[in-house]
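This report refers to the structure that appears directly beneath it.
The values are calculated or read from the model by the stated rules, or taken from the named source; none is laboratory data. It should be emphasised that the depicted structure is a prediction, and the values quoted were computed from it without experimental measurement. Quick reminder, even Gly has a Cβ in these numbers, built from the backbone with ideal geometry, and neighbours come from all protein chains shown.
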Amino acid sequence: MPQVSDSPVSYDVVDGVATIALTRPDAMNSMTTAAKVALRDAVHAAAADNAARAVVLTGSNGVFCVGQDLREHVASLESGQAQLWSTIPEHFAPIATALASMPKPVVAAVNGVAAGAGASIAFACDFRLVAESAGFNTAFAGIGLSCDTGASYTLPRLVGHARAVELLMLPRTLKAPEALQIGLATQVVPDAELTDTATAFAAHLAAGPTLAYAAIKRSIAFAASHDLSETMVYEAQMMALTGATQDHAGAVTAFFAKERPVFNGR
């Protein structure tokens, strides 16, 4: 993905880890149309990038993302723009879908408040490493809106139906320790250590069996909308798929040689 100096999103790949960062900290990384397009394109670029075997999604300068840029939103409301709500299917939904279905692990490094669609974006990731000072706020109902960016799907699966209803209907800032307690955060990290911890966490994933990770994500998604017998058939298909990989063959050989397996993502 080409880099543009004033882009609202940056994209870099180092040692198998792609880092996508929102770069509008002065606006709390709120998302204008340009930012949404840039993030959507960056997430799709990461999914297709063979050099990236794990992804970190974060914000710059101690800010994660507070969702839709309300200044732009209000301007659209006042002007009566017909395409106001088309941003959901055109931008927010594709971002969440690409994160959730990406054939490699995605780590949200939540380094500040994640609110509205910003929280939903974090929910769509596979892991959430959260700075001690950070938190989540679904925010939507607070301004008289329903939820978007997949929150109605992802949040109940993370914290359960009843807690998801509470967090969506009675929005509040959920601090990092509580997020960890209810299973929303994978890990809570001191603020100063978040970047290094997230990079190391993603590097560990990038050195793992990429195709197996992708198959696990696909299996979990399939099971969410199918019964047990159908799910077990699909699991068998995924086992056959991953069983034919170089990573599996090499890991079995390493096991009998009492060596540590080396995974190449093939």
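Overview of results
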read-out: Qualifying residues in segment 226-261 (those that are of a type in the set (Ser, Thr, Tyr) and more than 28 Å from the chain's Cα centre (by Cα)) - the one farthest from Leu211 (Cα to Cα); value: Ser229
read-out: Residue check, Ala214 assigned by TED's automatic domain parsing to the domain that holds Asp49 and either surrounded by fewer than 23 Cβ atoms within 10 Å (Cβ to Cβ) or not β-branched (Val, Ile, Thr) (or both); value: no
read-out: Test set (1) at positive phi; (2) surrounded by fewer than 17 Cβ atoms within 10 Å (Cβ to Cβ); (3) of a type outside the set (Phe, Trp, Tyr) - Ala34 fails condition number; value: (1)
read-out: Boolean, Ala164 is over 30 Å from Gln237 (Cα atoms) and in a helix (DSSP H, G or I); value: yes
read-out: Which listed residue is in contact with a Cys (Cβ under 6 Å, 6 or more places away or on another chain) and either in contact (Cβ under 8 Å) with a residue 12 or more places away in the chain or not assigned by TED's automatic domain parsing to the domain that holds Glu132 (or both), from Gly62, Gly118, Gly67, Gly112; value: Gly118
read-out: Filtered residues of segment 116-142 (kept if aromatic (Phe, Trp, Tyr) and under 16 Å from Leu180 (Cα atoms)); value: Phe123, Phe127, Phe136
read-out: Selected residue (criterion: surrounded by the fewest Cβ atoms within 10 Å (Cβ to Cβ)) from residues of segment 167-195 that are part of a helix (DSSP H, G or I) and within 18 Å of the chain's Cα centre (by Cα); value: Leu180
read-out: Flag if Asp196 is more than 20 Å from Met102 (Cβ to Cβ) and not assigned by TED's automatic domain parsing to the domain that holds Ala134; value: no
read-out: Residues located in segment 145-161, provided they are in a loop (DSSP other than H, G, I, E, B) and touching a helix residue (DSSP H, G or I) at 6+ places or on another chain (Cβ under 8 Å); value: Ser146, Cys147, Asp148, Thr149, Gly150
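Residue-by-condition table, conditions (1) touching a Ser or Thr at 6+ places or on another chain (Cβ under 6 Å); (2) over 18 Å from Ala109 (Cβ atoms); (3) not in a loop (DSSP other than H, G, I, E, B):
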| position | (1), (2), (3) |
| --- | --- |
| Ser10 | yes, no, yes |
| Lys36 | no, yes, yes |
| Arg40 | no, yes, yes |
| Asn50 | no, yes, no |
| Val56 | yes, no, yes |
| Gly62 | no, no, no |
| His73 | no, yes, yes |
